[in-house]
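Participant: One structure coming up, written as C-alpha cells, with questions to follow.
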Amino acid sequence: MKDDRQNPLPDAERDIRLAEGVPRTPQTLSPSYQLAFHDLDFLKHDALRPVRLQLELLKPEMILAEQKVQSTIVMFGGARIPSPERRDMARSPAMAELSHYYDEAREFARLMTAESLKSGGTENVIATGGGPGVMEAGNLGAHDAGGKSIGFNIVLPHEQAPNPYVTPELSFNFHYFAVRKMHFLMRARAITIFPGGFGTLDELFETLTLIQTKRMKPVPILLFGCEFWENIINWDALKDAGTIAPEDLDLFRYVETAAEAVAIIEDYEAKS
C-alpha cells in the first residue's frame, strides 16, 4: 500500500534499506539495533498483542477502502457442505442431503453480484470466510457473475486454505477471531446463514446479540433451511423460558431459495 502524500521526513522503506546497508558489527547485528517496526520477533512478543490487534483491524480496512468496497453481503455456512456433484464424499448421509445448499449459496452470490455490478460493483460485495463448502460456493457465485468477492480467512490447523474463487486482492488472513468477526459486520447490508456447525452458530448468535442489544443496526438475517434450523435450535423454548423476548424471533427470517433471499434484501433496501 503506497502512500502518495508528500512528506519531508524519510519513509519507512528508505530507513529499512539504510539500516540494512550499514557495516555488520556486533552492535548492528544485535536484535536491539533492529528498527522496531521491522523486527518480527519483537512484534510477536506477548506485550505487543494490542499492536497486533490494531494492525489486523487496520490492514483489511485500508485495503477494502483502496478497493472501494462500500458495503457487503455476508455469507456464513458450513465448511464441510459439499457441492452436489461431490455429495458421495460427504462425511454423513445427512451432510449429503445438505449439498443442495451449495448450489443455493452459489446462485445467491451470483444474483447479488450481478445486481451489484449494475451500479459499479462497490456495494453489496459478497463476503465469506474464504474457505471451502458454503464459503467456496459464495465466492464461486460472485466469480460466475464476473464480480469481485471477499474472503476473510483465518489460520486454522485444518480446512481453511483460501478457496480459488476469492478475489486475490480481497483475500485476507486473520489470527484473531474477534477482529475477523468485526470485519464481517462492519460493512454488512445483510447476513445469510446456511447450515453449519459451531463456527456458523457462533457467527449467527453474535450477530443476533449485537442487534438485540442495539449495538448494531438491524439488517436482514436470513437463515437458509427452516427444517435444519428448527431441528437444531428450539427458538420457542427460549421464548417460553423468558430468556429472549417474543419480538426477538423477528430478528431473523427463514428462506429456502436464493431468489427468495434476494427479493427480501432488495425489498428491505428499497424501504430503508
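Participant: Within 10 Å of each candidate Cβ there may be at most 12 other Cβ atoms; applying that plus a DSSP loop requirement, which trypsin sites (Lys or Arg not before Pro) in the range 173-248 survive? It would help to have the intermediate numbers written out before the result.
Facilitator: Values: sites: 180, 181, 187, 189, 214, 215, 239; in loops: 187, 214, 215.
Taking the range 173-248 and a limit of 12 other Cβ atoms within 10 Å, the loop trypsin sites (Lys or Arg not before Pro) found are 214, 215.
Participant: Among 197, 185, 213, whose Cα lies farthest out toward the positive end of the dipole of the range 54-271, if unit charges sit on the beta carbon of Lys, Arg (+1) and Asp, Glu (-1)?
Facilitator: Of the options given, the answer is 185.
Participant: Can you give me the Rg/Rh ratio for the chain, using Cα atoms for both radii and the Kirkwood formula for Rh?
Facilitator: Values: Rg = 21.9 Å, Rh = 20.7 Å.
On the Cα set of the chain, Rg over Rh gives 1.06.
Participant: I've got another one for you. Can you give me the angle between helix 177-186 and the longest principal axis of the chain, using Cα atoms only, in degrees from 0 to 90, rounded to the nearest 10?
Facilitator: Long axis of 177-186 versus the principal axis of the chain: about 70 degrees.
Participant: Test of understanding: extend the Cα→C-beta vector of residue 67 to 7 Å, then name every residue of the range 182-212 with backbone N under 19 Å from that spot.
Facilitator: 182-192
Participant: Another question about this same structure. If R₀ is 35 angstrom, what is the calculated FRET efficiency for the pair residue 271 and residue 38, using the beta carbon separation as r and rounding to 0.05?
Facilitator: Numbers: r = 51 Å, r/R0 = 1.46.
For residue 271 and residue 38, the calculated efficiency is 0.10.
Participant: Loop only by DSSP, 12 or fewer other Cβ within 10 Å of the Cβ. Give me the trypsin sites (Lys or Arg not before Pro) in the range 41-73 that pass, ordered by residue number.
Facilitator: On the way: sites: 44, 52, 68; in loops: 44, 68.
The qualifying sites are 44, 68.
Participant: Please arrange 265, 232, 16, 126 by how many other C-beta atoms lie within 10 Å of their C-beta, fewest to most.
Facilitator: 232, 16, 265, 126
Participant: Round to the nearest 10 and give me the degree value, 0 to 90, for the angle of helix 198-212's Cα axis relative to the longest principal axis of the chain.
Facilitator: Rounded to the nearest ten degrees, it is 80.
Participant: With N set to the number of residues, divide the alpha-carbon radius of gyration of the range 11-58 by 2.2 N^0.38 Å and report two decimals.
Facilitator: Here the answer is 1.33, to two decimals.
Participant: Any chance you could list P(r) for the range 122-272, counting all Cα-Cα pairs in 10 angstrom bins from zero, rounded to whole %?
Facilitator: 10, 38, 38, 13, 1
Participant: Additional query: At 4 °C and 1.567 mPa s, grab the translational diffusion coefficient of the range 113-211 from Stokes-Einstein with a Kirkwood Rh over Cα pairs, rounded to a whole number in µm² per second.
Facilitator: In µm²/s, the coefficient is 94.
Values quoted throughout were computed directly from the atomic coordinates according to the rules given, and no laboratory measurement underlies them. This is a predicted model, so every value here is computed, not measured. Glycine also receives a Cβ, built like all others from the backbone with ideal geometry; neighbour counts cover every protein chain displayed.
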